[in-house]
């Protein structure tokens, strides 16, 4: 019995050694702020050409599209089409949008 337990333990350790541990990476960040008079400002990292598009929406262009991605945006909805990220603007105040590249195959 002890031999089977140790054999199983060492087989698990051996499998863990051969695995690669990839983690999600932040690929782009946008901070957008809006005031009561309707002025909107954008500050970004690894993203460019941010502009308001329609009532309450904005879009920015990323330098490259990640293969599998997740958009972290708590202040509304956000989506990506090729390298263009579109998102809802906050009515008043600031919001952060982060685009994560996922190490596995499917976008969330």
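The values are calculated or read from the model by the stated rules, or taken from the named source; none is laboratory data. Here the structure is a predicted model, which is why all the values come from computation and not from measurement. As a convention, Cβ positions derive from the backbone with ideal geometry for all residues, glycine included, and neighbour counts pool all protein chains shown.
Looking only at segment 83-108, count how many residues are modelled with pLDDT of 85 or more, outside any strand (DSSP E or B) and more than 17 Å from residue 31 (Cα to Cα).
Count: 2.
Here is a yes/no grid of residues against (1) more than 18 Å from residue 95 (Cα to Cα); (2) surrounded by 14 or more Cβ atoms within 10 Å (Cβ to Cβ):
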{"position": "42", "(1), (2)": "no, yes"}
{"position": "52", "(1), (2)": "no, yes"}
{"position": "55", "(1), (2)": "no, no"}
{"position": "58", "(1), (2)": "no, yes"}
{"position": "61", "(1), (2)": "no, yes"}
{"position": "66", "(1), (2)": "yes, yes"}
{"position": "77", "(1), (2)": "no, no"}
{"position": "80", "(1), (2)": "no, yes"}
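For segment 30-47, indicate whether the set of residues that are in contact with a strand residue (DSSP E or B) (Cβ under 7 Å, 6 or more places away or on another chain), touching a residue at least 40 places away in the same chain (Cβ under 8 Å) and closer than 23 Å to residue 103 by Cα is non-empty.
yes
Considering segment 66-79 alone, what residues qualify as being free of Cβ contacts under 8 Å to residues at least 24 places away in the same chain, touching a strand residue (DSSP E or B) at 6+ places or on another chain (Cβ under 7 Å) and under 19 Å from residue 26 (Cα atoms)? Can you show your working first?
Pass one, segment 66-79, residues free of Cβ contacts under 8 Å to residues at least 24 places away in the same chain: 74-79.
Checking the rest, the ones that are also touching a strand residue (DSSP E or B) at 6+ places or on another chain (Cβ under 7 Å) come to 75-79.
Answer for segment 66-79, where residues must be free of Cβ contacts under 8 Å to residues at least 24 places away in the same chain, touching a strand residue (DSSP E or B) at 6+ places or on another chain (Cβ under 7 Å) and under 19 Å from residue 26 (Cα atoms): 75, 77, 78, 79.
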